[in-house]
Structures are given as structure tokens and as C-alpha cells.
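The values are calculated or read from the model by the stated rules, or taken from the named source; none is laboratory data. In this text, all values refer to a predicted model and were calculated from it rather than measured experimentally. Note that we place each Cβ from the backbone using ideal geometry, even for glycine, and neighbour counts take in every protein chain shown.
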């Protein structure tokens, strides 16, 4: 096992796992997180996270090992249903796997221009354009006007 | 760099330090502020980039233990039910706050007299009233005059828009006949004093790129500097030093290169927040003050108050504003602020209405229910709440208890080797009952507003924005640390001006009151300069 490659270094494995975490939306507008190409970015962040990263890496290694017990080619050789079963089978032993993973997957996914476009959100930084917000309902302000206290000199 | 002695030395350039520096310069003495953090460039703030949510959760996270920037010191909160948050820079936590700007009410100063618990303040609302008004002008406050929950006051700018979610929730309050009012916010709704108005970026709590949200680095400090106040950044004070008469005569501090420096001063003013201030006083031990400086009462670090927070999110069928708009608050309700013994607890709580999150935070936080589901349910779970929630925060009045405290951690230190603070804090039974009541009432409002579903977060852990009570003011040196104008009972040229001096917490965000106190202390010093050391 000394030469075992970390699952974080296996792009195909990361892509498959991420597609389980966020699969493509049924209407096809939103891709899966793996298909979006986020595996490398997420792996890099996990490597840099000395607190939660090792736990996630250990969990992913257990997933890969379990997959190889079923098929020597490993996780990517399994069907999607089998992949999900393998992943879920490791969660009791590795409870930090999903929380540690989604912390990075969700953020990377939901700030990706493709996803923002699919959500009909502007794919831009908030500044400098900003956003419009609905004004206060004049009927509500009229109600407050009748209740407001007045300045002493009024 | 000049290390000539100065007249007034301020430690900390945040909400209180900035206000105090601007005012005290009129005294005619030289004024220097030492700040452990840097100046923050608005162009560096997260909403300049596509990755604004990631940076808001990391480099600009409110918890210093998550951020771990060079300016930060670690805080051991392993024995605290609430995680304290803060920011260390010129501007302090006003860089990352939501700028919700209520002030304490008159009856918040007379808790002992009115309700038989805690203690009365040695000052009254009326004492601070002119300083509230001056501070509103300096910070740039938007709001609607005439809220019957307060004595009349007039914010200098018109209120911010409620937005779809705020309008919805306001109608909920209306249908129940409960008090509500557009918030006072330290966010400018119109161009003001050279600052451009709010453009609804959202993400106020990771810094305002527009500069519409008040932070003292862009409000008080530029004016104070023009008046002649000096500020030295990257300087972390290790201890306050004493002369042979027991008066403060300066500080020892580490500069940004890690070298220990000495700065002498005639007057020392501590403005390091309700955790940083007791930490510094406890670290300033001497033969004369073996238990920490100005601590003959034993109360330095005791009576820590946070404001426990609960959260109720309503899920609405129609889309709301999402993350757009000031994210701290659109409106408040003081319906359950006054004490009512029939409820089973003393004192009360504030409702604070907020907007919702950006897409990444929505996925991670899920309204109040935790991360949205992963796997095949993910998209449906996300779509149900994204841009479809509005929320009510319940902010409970925390009563002072000596067991809730800031002490020095026996092992943990900052990057300069200075002992770090340790927080010991339990949510009291009174606060728990208050939160339970508030959650129930908030759900009523949310449902009356038309929510199709409700998600309840009974206890928000990362909610320690308000750091109060750990060097409280009073007239009796046995039961307080500083007197009625912020001067330490034990050291007559040492002042505390931040949230540490709060006697009770009220149930509102404290920054308006903290800054009014800082201005009041400065004014008291100027008026009493001839007998300052009597």
C-alpha cells in the first residue's frame, strides 16, 4: 500500500464522487459537480485544509478501497447505483467525509458561472453594479405614519 | 517612527476607538492610537469578485479562529455555548458587521429598579442622548423617525427599502397587531459626506465594497486624522505599564516586525472590545495589581454577555430578494422587549428581520436547517429555499452572571506569545425560556406573513458579535471596574470605552450605544480635564 495514490490525485475518481454529491439536474440545465470540472479545485482545497482535509481524504480512500474490493478497476468502473452504495457504506466509519466534502463542493459549484446562469442569477461580482430591491410598500408606511411619535417641537 | 511620549494613547481603532479619537483630539493633547490590524482596502473586499461567498466564509469569516489572519489572536471558546466573533483592523468589527443600529432604550439603564435583577447603570439614556445623535450624524444612519418604542430621535437619512421579504414580514406583524418599525441602519440610503449610497450588494458582513455601510475606518478615522490624531497599525499591545505612583504611564507592544516597543503616555484608553480589553488588563499584572490591572473588584473579565440568538426562516412560494440588499436587517420589532412576568422570564427580546443568502451559503446553511441534501435530492432541496426565504432573528437580553467570563488561557498564545483569552459561557435558564418564547412568536409572524413552511434554528452558535460587560461601570469600586465616565477605579488615568463597560446588555445590537459611550467619555474627560486625576 506504500505506493497507493491518494484519491485526491485521481481526477476520474474525484469527478465521479462529485457527481454523486451534486448530480446533474433532471432538466439538464445544471451539470453535475464532477462534470463541471470542479474535482481539481476541490482536491486542492482539501489538501490545503489541515483540519478537515485529512479526514475527507481518509474517507475517500476507504471508498476507493471498498470499490476495489468489488471491482479491481475501482470506483469509476462501477455503475452509478453501485458507486452510491459504496459511498454510503463508508459513511458510518467516516462521518466527516460528506460534511468536509460539501463545504468545498457546494461553494465551488454555486459560484461557477455556468451554475449561476442556470439559476438565472447574474454571473458577475456583486460590485460595482449592485442589485435592485423592492421599495417599502407605501401602504405600510402610511400605517406607520399614523403611529409615529412627533418631535417635541412639532 | 517617533516614540515620543503622547498625551492620550488609545488601544484599538474599532467602533469605540475611532469615535473617541475623533472627539478627544479637541482636548489639545497629542493623540496616538495603536491598532493590531491593518487598514482594509475596499477594493480587496469579497464583493469585488466572483468568489465573494468563498472569501466571506474564509479570509473574511467573522470567527478569528477560522480566519487566522496575522492580525488575529486565537480565542479558546471550547467551553462557550456561543462562539465569539470579531475583526481586527482599523475599523474593528465595524468592517464585518451588519450595521443594524438600534440604541439601548431608557429602561435598559434601570434594570435593577424596574425588574429586580442585575444592576442599574450609573448613567441614563438622557445622559447619552446627545451623543447618540452626534454619532448618528458621523456614521450616517438611515431610518424612519417616530418609532414609538423610543424617545423621539431623527436619523439623518431616510430608511432603507424593506424589499420583498421585509414587506412580507411587515404585513405579518400588521396582521397580528404587533409592533414593527423600519430599522435604524448605519448604511446610507443617499449620498452622504462624500460616500456613495447603498446599491444592495448584500454580504454586508464580509465588508462593504461600496463604502455605504459605516465602518469607522471610513467615517471617524479620516476626520480624526485630519484633526491630527496619529494611528500606528500592526501594533499589538502586550501590557499597560505603571509608574511608581501606580498610574498608567504607557504600554509595551509588538510592532509589525515582532519587535517589542515601548510607548509612553499621560492617559491610556482601552478600546479592544469585551474580550480584548479584559485580556489586556489581565495580562497587565504587576506587583501592585497581581490579579490584573484595575481588578481590585475581581470583576475584570466577569459578567460576559453576548445576546443569545435563535432563528426562524419562512419559506415562501413566490421569489423574494434573496441576497440583495443590506443583509443585516430590514425592520425590527420590540413587541416582546418589555418585561412581563407572566411569560416565565424577566426582561425580553428583539425581533430582527433579515434577508437570505447567496447561492453557496444557501446550500451550506439551508435557511436554518443546515446544509441542503446531497445526492439526488439536492436540486429540489436547494430550489425550495433559494431566493424563497425571509427570516426572523430572536435576540435575547443576556443578564450578567459572574460565571460567564473571559480569563487567560493557561497554554494558548497569539503569534507574539501573549496569553490568549479563554471564554467560559453558558446560556442561562432565563435566556433559554426567552428564546423558546421568541421562536414560537416568530413562527406566528412568519406564518401570518404567508410562509408555506417554517424552519427553526433554536440556537445560533456563531452569534457572539456583541461582547459586553467584562469591565463594567458603576459608582462602587467593589462592584464595578470603571466609574460612571469610564475611568478605572484603581488607576485614575486609565479609561475603558468599549462594550466591556456595559452593566446590562439590553436586547439590541450594541454598537450605537458603545459609540455614544465613547463620545460621552471623551466629552467627560474634556469637561473634567482640570480634575482628571483627582
If you scan the stretch B:149-196, which residues turn out to be in a helix (DSSP H, G or I), on the phi < 0 side of the Ramachandran plot and in contact (Cβ under 8 Å) with a residue 12 or more places away in the chain? B:164, B:165, B:166, B:168, B:169, B:170, B:171, B:172, B:173, B:175, B:176
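Is it the case that the stretch B:39-58 has a residue that's touching a strand residue (DSSP E or B) at 6+ places or on another chain (Cβ under 7 Å) and under 25 Å from residue B:254 (Cβ atoms)?
Taking every residue of the stretch B:39-58 in turn, at least one turns out to be touching a strand residue (DSSP E or B) at 6+ places or on another chain (Cβ under 7 Å) and under 25 Å from residue B:254 (Cβ atoms).
Output the helices (runs of 4 or more DSSP H) that fall wholly within the stretch B:33-141 and possess 3 or more residues being within 14 Å of chain A (Cβ to nearest Cβ), or say none. Steps first, answer last, please.
Numbers: elements: B:52-57, B:64-67, B:111-115, B:125-139.
In the stretch B:33-141, B:52-57, B:64-67, B:125-139 are the helices (runs of 4 or more DSSP H) which contain 3 or more residues that are within 14 Å of chain A (Cβ to nearest Cβ).
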For the condition touching a strand residue (DSSP E or B) at 6+ places or on another chain (Cβ under 8 Å), modelled with pLDDT under 95 and more than 9 Å from chain A (Cβ to nearest Cβ), what is the one hit in B:354, B:348? B:354
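Tell me which residues, restricted to the stretch B:338-370, are assigned to a loop (DSSP other than H, G, I, E, B) and on the phi < 0 side of the Ramachandran plot. Explain how you work it out, then say what you get.
Taking the stretch B:338-370 first, the residues assigned to a loop (DSSP other than H, G, I, E, B) are B:338-339, B:344, B:346-348, B:355-358, B:366-370.
Residues satisfying the conditions are B:338, B:339, B:346, B:348, B:355, B:356, B:357, B:358, B:368, B:369.
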Go through the stretch B:351-380 and give me each residue that's farther than 30 Å from residue A:17 by Cβ and touching a helix residue (DSSP H, G or I) at 6+ places or on another chain (Cβ under 9 Å). B:351, B:353, B:354, B:355
Tell me whether the stretch A:126-143 contains one or more residues that are part of a helix (DSSP H, G or I), under 26 Å from residue B:380 (Cα atoms) and at the interface with chain B (Cβ under 8 Å from one of its Cβ atoms). no
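Given the criterion within 18 Å of residue B:292 (Cα to Cα) and either under 13 Å from the mean Cα position of the chain (by Cα) or surrounded by fewer than 23 Cβ atoms within 10 Å (Cβ to Cβ) (or both), identify the matching residue among B:469, B:499, B:464.
Numbers: B:499 fails: within 18 Å of residue B:292 (Cα to Cα); B:464 fails: within 18 Å of residue B:292 (Cα to Cα).
After ruling out the rest, the residue left standing is B:469.
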Checking residue B:398 against (1) touching a residue at least 40 places away in the same chain (Cβ under 8 Å); (2) buried (at least 23 other Cβ atoms within 10 Å of the Cβ); (3) touching a helix residue (DSSP H, G or I) at 6+ places or on another chain (Cβ under 7 Å); (4) not in a loop (DSSP other than H, G, I, E, B), the condition it does not meet: (4)
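Could you pull out the residue among A:46, A:60, A:8, A:20 that is in a helix (DSSP H, G or I), touching a residue at least 12 places away in the same chain (Cβ under 8 Å), in contact with a helix residue (DSSP H, G or I) (Cβ under 7 Å, 6 or more places away or on another chain) and facing another protein chain (nearest Cβ under 10 Å)? Full working, then the answer.
Values: A:46 fails: facing another protein chain (nearest Cβ under 10 Å); A:60 fails: facing another protein chain (nearest Cβ under 10 Å); A:8 fails: facing another protein chain (nearest Cβ under 10 Å).
Testing whether each residue is in a helix (DSSP H, G or I), touching a residue at least 12 places away in the same chain (Cβ under 8 Å), in contact with a helix residue (DSSP H, G or I) (Cβ under 7 Å, 6 or more places away or on another chain) and facing another protein chain (nearest Cβ under 10 Å) leaves just A:20.
Give the stretch B:179-191 a look and list any residue that's farther than 16 Å from residue B:100 by Cβ and out of contact with any strand residue (DSSP E or B) (no Cβ under 6 Å at 6 or more places or on another chain), or say none. Please lay out each step first, then the result.
Pass one, the stretch B:179-191, residues farther than 16 Å from residue B:100 by Cβ: B:179, B:190-191.
Correct list: B:191 only.
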Within the stretch A:99-115, can one find any residue that is within 7 Å of another protein chain (Cβ to nearest Cβ), part of a helix (DSSP H, G or I) and farther than 21 Å from residue A:47 by Cα? no
Of the residues that sit in the stretch B:94-110 and are surrounded by 24 or more Cβ atoms within 10 Å (Cβ to Cβ) and farther than 20 Å from residue B:351 by Cα, which one is nearest to the chain's Cα centre (by Cα)? B:94
Exactly one of B:80, B:16 is touching a residue at least 60 places away in the same chain (Cβ under 8 Å), buried (at least 23 other Cβ atoms within 10 Å of the Cβ) and either in contact with a helix residue (DSSP H, G or I) (Cβ under 7 Å, 6 or more places away or on another chain) or farther than 25 Å from residue B:325 by Cα (or both), and that residue is B:16
